[in-house]
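> Questions regarding the structure given below will be posed in turn.
The values are calculated or read from the model by the stated rules, or taken from the named source; none is laboratory data. Computed from a prediction, not measured in an experiment: that's the story for all the values here. Because the Cβ atoms are built from the backbone with ideal geometry, glycine has one as well, and the counts that use them run over all protein chains shown.
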Amino acid sequence: VPSFRDLPWLPSAPADFRERARTLGKAASGWGAAIQHLATHKLDARAAATLGKAIVRCRTAGHSLAPLSAFKLGILSSATFDLVAEQLPAAAARHGVDLTTVTGEYDQVMQESANPASDINTANLDACLIAVDHRWLRLDRPALDGSDPVGAALTQLKAAGDAVTQNARCPVIFQTVPVPPLALFGNYERRVAGSLRTQIEDANRRIVDLAIETGGYVLDAAALAERVGTDAWFDPVQWLAYKLPFAADIIPAYADTLGRLLGAIRGKARKCLVLDLDNTVWGGVIGDDGMDGIKIGQGSAVGEAFLAIQQLALDLRARGVVLAASSKNNDETARAPFRDHPDMLLRESDFAVFQANWIDKASNLEAIAKTLNIGLDALVLLDDNPAERAQLRAALPQVAVPELPDDPALFPWTLASAGYFESVAFSQEDQARAGSYASDARRADVMAQSRDLGDYLSSLDMKIGFAPFDTIGRQRIAQLINKSNQFNLTTRRYTEAEVAALETDTSVFTLQVRLSDKFGDLGMIGVIICRPATHNGAKAWDIDTWLMSCRVLGRKVEDAMLARIAEAARAAGIATLIGRYLPTAKNNMVADHYAKLGFTLLEEKDGARTFALLLASYETPELPLTVL
Amino acid sequence: MDKVAAIIRDMFEDYDGPVNDALTAEQVPDWDSLAQVKLMVAVESEFGIRFESREINEPANVGELVQMIEKKLAKK
């Protein structure tokens, strides 16, 4: 079970993170974007501190940190806050903010706020965080004598807040107070007027009111402590020995939570949720599994998991987040479930833009941003496919792309936890926003962009394996032959018995293709059957079947498969490969498959195309895959 | 020792003298009581250990800190 504390939606930092952070300042431009990109990874305390120092170096060197927005935050704390402060700039950069902190002296909240000449009050702050706990508020003891510690606590907090407002002339960020796990009465705790829990929960309600009255903000530390667990939050040893405000290993989660708030104050919260479709909003692949094959709806855990992610998307839409879709699919195929599947919660009209095509996702996300007239940094892409996510991040680092666990049951948790849509206000305009974009699920014009993905493909560490048909692969081969619709050149179906017969048929050439990459084993992703033929009087192979999983599109897998076929064909004294495209309602995406691979069109009849490749003129290309 | 040295190098970027068992806080300009807290927390996190409150008396030098860690790791 994932934990909020680990920020599991963030991708792991690259191996050369420290080196990249240290050499940031040496770049000629683009410092802010580079900082934000590095900050988007999961950072432990040391990595966050390293990036924080790099940010300071860039700033000191006079580099512009745009597109990050500058923010100067004062911090008044009743604990040793420096370890937290050290991790804040990296977390703030993740949310679009170039953060400078001014930390008041340890446990000098009243003194620092009341003294007009204090560091806090002379720093020209954009906001000041008053990070005090139950101890500072004197809500650390039960009050069973009828006294009113909560009233006194609020008076004191208000005095500190008012002093900041008056002297530093900036809004205050108040913090709610976590309830320490020291109940005196157990289950009866909530019924005792002066118990710790009763006092602190009462205080929290009044802290929120105080923020509303004074135009301040609330950092909901109590909610954060509840998520990570107050047993973990209140670390008695680290409090006694180091006076840490909460356990050190919660700092990254706290820093991110504060970073979101600062980002939202600066208007950096994201505005649009882009949903992948297959295996993201329903189980299965609509192009292959069909309307009655996809998993969505009540009655199964998986179907209900996808309902839950659809419900969350709808709730976000009601809150003002714009929805878009981006899927590698034929347009009609992808829209069908939204129109006709009775169990779907999402409907076509919930989407402002609907992109289903075979062009790369980065180009489609650019088209979505352009159509909605918002920046790429306003987009979040939810996609189950790790390679698609990595590719999108490499192409468009401004787009937020959460890591997703394999289990769709955890998709809603992940999306809700990642905090992309943080807000500091909620108005009728927000509620109306999603509707203010025409909800016509329009198709945005998109042009495939050739873009420099650097060493993205080689970084996938792909390993491809080829083998002739065999008994071990038989069942899966037959399944692919009978199920694949989209990346399938001829859509010829064979029974398992027919597949078995091919295993021992020496006249045919067969391949089962497997792929693995650094994200895991993708299993069997391709099937080839070549039959003997002649072409212009010379020996040829006629490619009877060529099918692939759509999951491996855009990864040069087809090039590697052709290289393997060509190698085997040459060894067998074959001069020519014949390729055929037989059109169906679903395989339009591969109409140009052979042309792209360098085959020549021989004839076209009723949409069916025949191609040839002379092996004498074929050169094996350099490919970013290792052949096993 | 190598891991401890790496943490110390990371924390005190301006210090370029030797990091060995004999090194004390006094020899490193930025090594104040706050830095000491940071170092202890970083060590706890790096080695996956937690010092008990009675174990947290300031080590006299890096060698003593390494001994504290080794003792802790041996108990794991």
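> A:Leu307 - would you say it is more than 30 Å from A:Leu219 (Cα to Cα), of a type in the set (A, V, I, L, M) and surrounded by fewer than 24 Cβ atoms within 10 Å (Cβ to Cβ)?
Here the answer is yes, as A:Leu307 does meet what is asked.
> Have a look at B:Ile69, B:Ile49, B:Ile56 and point out the one that is more than 10 Å from chain A (Cβ to nearest Cβ) and more than 17 Å from B:Ala5 (Cβ to Cβ).
Among B:Ile69, B:Ile49, B:Ile56, only B:Ile49 is more than 10 Å from chain A (Cβ to nearest Cβ) and more than 17 Å from B:Ala5 (Cβ to Cβ).
> Could you identify the single residue in A:Leu623, A:Leu582 that is more than 30 Å from A:Gly290 (Cα to Cα) and surrounded by 13 or more Cβ atoms within 10 Å (Cβ to Cβ)?
When all the criteria are applied, what remains is A:Leu623.
> Check the stretch A:53-64 and report whether any residue there is in contact with a Lys or Arg (Cβ under 7 Å, 6 or more places away or on another chain), crowded, with 22+ Cβ neighbours inside 10 Å, within 14 Å of another protein chain (Cβ to nearest Cβ) and in a helix (DSSP H, G or I).
Checking the stretch A:53-64: at least one residue is in contact with a Lys or Arg (Cβ under 7 Å, 6 or more places away or on another chain), crowded, with 22+ Cβ neighbours inside 10 Å, within 14 Å of another protein chain (Cβ to nearest Cβ) and in a helix (DSSP H, G or I).
> Kindly evaluate A:Glu112 against the criterion of being within 14 Å of another protein chain (Cβ to nearest Cβ) and either of a type in the set (S, T, N, Q) or closer than 20 Å to B:Ser33 by Cβ (or both).
no
> Kindly indicate which of A:Asp406, A:Asp461, A:Asp452, A:Asp384 is acidic (Asp, Glu), within 30 Å of A:Arg5 (Cα to Cα) and without any contact (Cβ under 8 Å) to a residue 24 or more places away in the chain.
A:Asp406
> Quick check, is A:Lys586 more than 21 Å from A:Val513 (Cα to Cα), charged (D, E, K, R) and at pLDDT below 95?
yes
> Follow-up question, since we're still on this one. Residues in the stretch A:97-109: is at least one farther than 27 Å from B:Leu39 by Cα and not in a strand (DSSP E or B)?
no
> Can you find, within the stretch A:279-296, the residue that is surrounded by the most Cβ atoms within 10 Å (Cβ to Cβ) among those that are touching a Lys or Arg at 6+ places or on another chain (Cβ under 8 Å) and either without any contact (Cβ under 8 Å) to a residue 60 or more places away in the chain or assigned to a strand (DSSP E or B) (or both)?
A:Trp282
> Which residues, counting only those in the stretch B:1-19, are acidic (Asp, Glu), under 13 Å from the mean Cα position of the chain (by Cα) and within 14 Å of another protein chain (Cβ to nearest Cβ)?
The one that is acidic (Asp, Glu), under 13 Å from the mean Cα position of the chain (by Cα) and within 14 Å of another protein chain (Cβ to nearest Cβ): B:Asp10.
> Determine, yes or no, whether A:Ala143 is crowded, with 17+ Cβ neighbours inside 10 Å and under 26 Å from A:Ala264 (Cα atoms).
no
> Criterion first (touching a helix residue (DSSP H, G or I) at 6+ places or on another chain (Cβ under 6 Å) and free of Cβ contacts under 8 Å to residues at least 40 places away in the same chain) does A:Arg227 satisfy it?
For A:Arg227, the condition - touching a helix residue (DSSP H, G or I) at 6+ places or on another chain (Cβ under 6 Å) and free of Cβ contacts under 8 Å to residues at least 40 places away in the same chain - is not met.
> Do we have any residue at all in the stretch A:511-521 that's in contact with a helix residue (DSSP H, G or I) (Cβ under 6 Å, 6 or more places away or on another chain), farther than 30 Å from A:Ala575 by Cβ and aromatic (Phe, Trp, Tyr)?
Checking the stretch A:511-521: at least one residue is in contact with a helix residue (DSSP H, G or I) (Cβ under 6 Å, 6 or more places away or on another chain), farther than 30 Å from A:Ala575 by Cβ and aromatic (Phe, Trp, Tyr).
> If I filter the stretch A:187-196 for residues that are surrounded by fewer than 22 Cβ atoms within 10 Å (Cβ to Cβ), within 33 Å of the chain's Cα centre (by Cα) and not polar (S, T, N, Q), do I get at least one hit?
Taking every residue of the stretch A:187-196 in turn, none turns out to be surrounded by fewer than 22 Cβ atoms within 10 Å (Cβ to Cβ), within 33 Å of the chain's Cα centre (by Cα) and not polar (S, T, N, Q).
> Count, please, the residues in the stretch B:20-35 that happen to be exposed (fewer than 13 other Cβ atoms within 10 Å of the Cβ) and within 11 Å of chain A (Cβ to nearest Cβ).
Residues that pass the stated criteria total 2.
> A follow-up question, please. Filter the stretch A:72-84 down to residues that are away from chain B (no Cβ under 14 Å) and surrounded by fewer than 22 Cβ atoms within 10 Å (Cβ to Cβ), then give me how many there are.
2
> Continuing with this model, one more query. Given the condition under 37 Å from the mean Cα position of the chain (by Cα) and of a type outside the set (Lys, Arg), answer yes or no: does some residue in the stretch A:493-511 qualify?
yes
> Residues to consider are A:Leu577, A:Leu562; find the one that is touching a strand residue (DSSP E or B) at 6+ places or on another chain (Cβ under 7 Å), buried (at least 21 other Cβ atoms within 10 Å of the Cβ) and at pLDDT 95 or above.
Answer to the check: A:Leu577.
> Please verify whether the stretch A:76-91 includes one or more residues that are of a type outside the set (A, V, I, L, M, F, W, C) and in contact with a Lys or Arg (Cβ under 7 Å, 6 or more places away or on another chain).
yes
> Ok, one more. Can you tell me which residue among A:Val179, A:Val172, A:Val208 is over 20 Å from A:Ala114 (Cα atoms), aliphatic (A, V, I, L, M), at pLDDT 95 or above and crowded, with 19+ Cβ neighbours inside 10 Å?
A:Val179
> Please go through the stretch A:218-246 and give me each residue that is of a type in the set (Ser, Thr, Tyr) and at pLDDT 95 or above, ordered by number.
Within the stretch A:218-246, just A:Thr230 meets the criteria.
> Could you tell me which residue of the stretch A:1-37 is farthest from B:Val37 (Cα to Cα), considering only residues that are of a type in the set (A, V, I, L, M) and touching a residue at least 24 places away in the same chain (Cβ under 8 Å)?
A:Ala33
> While we're on this one: Is it true that some residue in the stretch A:153-162 is in contact with a helix residue (DSSP H, G or I) (Cβ under 9 Å, 6 or more places away or on another chain), part of a helix (DSSP H, G or I), among the hydrophobic types (A, V, I, L, M, F, W, C) and at pLDDT below 95?
no
> Looking at A:Asp517, A:Asp521, A:Asp606, which is the one that is among the charged types (D, E, K, R), surrounded by fewer than 18 Cβ atoms within 10 Å (Cβ to Cβ) and either under 30 Å from the mean Cα position of the chain (by Cα) or closer than 30 Å to A:Ser458 by Cβ (or both)?
A:Asp521
> Considering only residues that are touching a helix residue (DSSP H, G or I) at 6+ places or on another chain (Cβ under 8 Å) and crowded, with 19+ Cβ neighbours inside 10 Å, look in the stretch A:418-441 and name the one that is nearest to A:Ala324 (Cα to Cα).
Once the filter is applied, the top-ranked residue is A:Ala441.
> Tell me the helices (runs of 4 or more DSSP H) entirely within the stretch A:360-454 that contain at least 1 residues that are at pLDDT below 80.
A:428-436
> Could you look through the stretch A:240-278, keep only residues that are outside any helix (DSSP H, G or I) and within 14 Å of chain B (Cβ to nearest Cβ), and pick out the one that is surrounded by the fewest Cβ atoms within 10 Å (Cβ to Cβ)?
Ranking the qualifying residues of the stretch A:240-278, first place goes to A:Lys243.
> So, in the stretch A:226-239, exactly how many residues are in a helix (DSSP H, G or I) and either within 14 Å of chain B (Cβ to nearest Cβ) or surrounded by fewer than 19 Cβ atoms within 10 Å (Cβ to Cβ) (or both)?
Adding up the residues that qualify gives 9.
> Quick one: count up the residues across the stretch B:36-45 that are modelled with pLDDT under 90 and more than 8 Å from chain A (Cβ to nearest Cβ).
Total meeting the criteria: 1.
> Now a separate question. What number of residues within the stretch A:56-73 are under 20 Å from A:Gly96 (Cβ atoms) and over 30 Å from the mean Cα position of the chain (by Cα)?
Residues meeting the conditions: 0.
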